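Values in this text are rule-based calculations from the coordinates and carry no lab data. Keep in mind it's a predicted model, so treat the numbers as computed, not measured. Glycine gets a Cβ as well: all are built from the backbone with ideal geometry, and neighbour counts include every protein chain shown.
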Ligand code: UT7
């Protein structure tokens, strides 16, 4: 890659503030054994998860709004100063309106444009890349929220999937900055014959005009996944994307100060980190106490790091994720 391309990729962003919200109800692995044939030992050794938070049937947007308010407070901004709200979610309350529009109303962001994106668990890194492009397209302050209420979609009779997930939301507020920023976003789209990891839209066909030969097969209405296929995909996809983003940034993998991976499974993270040759001390995880909260994992990690004073100007961050789709991607950014 020539230096011109590297400069083009280096129009970066500054994080003005972060916020997050984890619902108060904490569910341990032992709590799950009360209604599922599972054990703390099975879940912890295979995933690294000990507990997660549940939103108790409340709508997703409540978490998004709370994370947004906390990010505004952290950035010392008022809602009217935000000119774009991007919400990553694969578990929205409505087909429409967007969650972004609901957040706009609740926080009073009267000057904001609003858009939801869905790249499943990869949504936050994809959102960062989009937010950066919006900032260089003329918007001055973008609020990027990732809010996921997986419990509204899970099958609590399916022990292979429901034990993995939790609910939460995170938000960051971004503006343009003369910093390095490089992204690598990818997808290996799967067809409807074998969706691998999915939750089908829940609606009944009640039109009098149905072409019954071409309706979708009956997938069931809740989250389903082929864990082994997702695992195999993830351990290759995460290093591939992180390496490519690093290369575009002009930094070497050794120069990365902090790696924030998608918090899906501690074994996937360890394998990917080993392939990348990054020291495990540079890897931030919270999966033990949060579980997998899809696209919300990364901004919640960022908020924890920010509030504990661990994000320092000049640090080089690598965020890398994967998810249903199958999608994957990585952002390397200088703080
Ligand atoms: O954001 C992306 C989300 N998805 C993922 O990240 C999933 C990636 N995949 C994984 O993390 C792993 O594949 C799992 C943790 C989901 C499963 O681990 P595994 O080592 O691949 O287990 P397995 O599916 O091969 O199942 C092994 C056994 C089976 O029993 P048998 O057939 O050997 O008797 C399962 O029925 O474990 C059983 N099992 C369970 N046992 C206790 C499956 N789920 C459970 C459970 N508790 N919750």
Notebook entry, point to check: Is it true that some residue in region 103-119 is buried (at least 23 other Cβ atoms within 10 Å of the Cβ), within 29 Å of residue 42 (Cβ to Cβ) and within 16 Å of the ligand (Cβ to nearest atom)?
Noted result: no
Checked 253, 205, 216, 259 against criteria (under 21 Å from residue 310 (Cβ atoms) and either surrounded by fewer than 21 Cβ atoms within 10 Å (Cβ to Cβ) or out of contact with any strand residue (DSSP E or B) (no Cβ under 6 Å at 6 or more places or on another chain) (or both)); the one match is 253
Scanning region 163-181 residue by residue, those surrounded by fewer than 20 Cβ atoms within 10 Å (Cβ to Cβ) and either part of a strand (DSSP E or B) or within 16 Å of the ligand (Cβ to nearest atom) (or both) turn out to be 175, 176, 177
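Considering 331, 235, 266, which residue is surrounded by 21 or more Cβ atoms within 10 Å (Cβ to Cβ) and over 22 Å from residue 92 (Cβ atoms)? Talk me through it step by step, then tell me what you get.
Numbers: 235 fails: surrounded by 21 or more Cβ atoms within 10 Å (Cβ to Cβ); 266 fails: surrounded by 21 or more Cβ atoms within 10 Å (Cβ to Cβ).
Unique residue meeting the criteria: 331.
Does residue 160 satisfy the criteria of being in a helix (DSSP H, G or I), within 26 Å of residue 59 (Cα to Cα) and either within 16 Å of the ligand (Cβ to nearest atom) or out of contact with any helix residue (DSSP H, G or I) (no Cβ under 7 Å at 6 or more places or on another chain) (or both)?
Details: in a helix (DSSP H, G or I): yes; within 26 Å of residue 59 (Cα to Cα): yes; either within 16 Å of the ligand (Cβ to nearest atom) or out of contact with any helix residue (DSSP H, G or I) (no Cβ under 7 Å at 6 or more places or on another chain) (or both): yes.
Considered against the rule, which asks whether it is in a helix (DSSP H, G or I), within 26 Å of residue 59 (Cα to Cα) and either within 16 Å of the ligand (Cβ to nearest atom) or out of contact with any helix residue (DSSP H, G or I) (no Cβ under 7 Å at 6 or more places or on another chain) (or both), residue 160 comes out as yes.
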Among residues of region 203-229 being touching a residue at least 40 places away in the same chain (Cβ under 8 Å) and over 21 Å from residue 94 (Cβ atoms), the residue farthest from the ligand (Cβ to nearest atom) is 220
Residue 228 vs (1) in contact with a helix residue (DSSP H, G or I) (Cβ under 8 Å, 6 or more places away or on another chain); (2) within 30 Å of residue 192 (Cβ to Cβ); (3) surrounded by fewer than 17 Cβ atoms within 10 Å (Cβ to Cβ): all pass except (1)
Exercise. Residue check: is residue 270 in a loop (DSSP other than H, G, I, E, B) and within 16 Å of the ligand (Cβ to nearest atom)?
Worked result: no
Pairs returned, first residue in region 24-50 that is free of Cβ contacts under 8 Å to residues at least 12 places away in the same chain and closer than 22 Å to residue 268 by Cβ, second residue that is within 13 Å of the ligand (Cβ to nearest atom) and not in a helix (DSSP H, G or I), beta-carbon separation under 8 angstrom, 6 or more apart or interchain, are 39/33
Residue set 295, 330; condition touching a strand residue (DSSP E or B) at 6+ places or on another chain (Cβ under 6 Å), assigned to a strand (DSSP E or B) and in contact (Cβ under 8 Å) with a residue 60 or more places away in the chain; output residue 330
Given the conditions (1) within 27 Å of residue 47 (Cα to Cα); (2) away from the ligand (no atom under 16 Å from the Cβ); (3) more than 20 Å from the chain's Cα centre (by Cα); (4) surrounded by fewer than 20 Cβ atoms within 10 Å (Cβ to Cβ), every one holds for residue 194 apart from (2)
message: Would you confirm, using the coordinates I've provided, whether residue 248 is more than 13 Å from the chain's Cα centre (by Cα), over 30 Å from residue 151 (Cβ atoms), assigned to a helix (DSSP H, G or I) and in contact (Cβ under 8 Å) with a residue 40 or more places away in the chain?
response: yes
Exception for residue 148 within (1) over 22 Å from residue 231 (Cβ atoms); (2) in a strand (DSSP E or B); (3) in contact with a helix residue (DSSP H, G or I) (Cβ under 6 Å, 6 or more places away or on another chain) falls at (1)
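Can you name the residue in region 30-68 that is part of a loop (DSSP other than H, G, I, E, B) and within 11 Å of the ligand (Cβ to nearest atom) and is also surrounded by the fewest Cβ atoms within 10 Å (Cβ to Cβ) among such residues? Before the answer, list the steps.
To start, the set of residues in region 30-68 that are part of a loop (DSSP other than H, G, I, E, B) comprises 33-39, 48-50, 55-59.
So of that shortlist, the ones also within 11 Å of the ligand (Cβ to nearest atom) come out as 33, 36-39, 48-49.
Details: 33: 16, 36: 16, 37: 8, 38: 16, 39: 14, 48: 19, 49: 25.
The qualifying residue surrounded by the fewest Cβ atoms within 10 Å (Cβ to Cβ) is 37.
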- Please work out if residue 320 is surrounded by 22 or more Cβ atoms within 10 Å (Cβ to Cβ) and out of contact with any helix residue (DSSP H, G or I) (no Cβ under 6 Å at 6 or more places or on another chain). no
Yes or no: region 132-145 includes at least one residue that is closer than 30 Å to residue 28 by Cα and either in a loop (DSSP other than H, G, I, E, B) or more than 14 Å from the ligand (Cβ to nearest atom) (or both).
yes
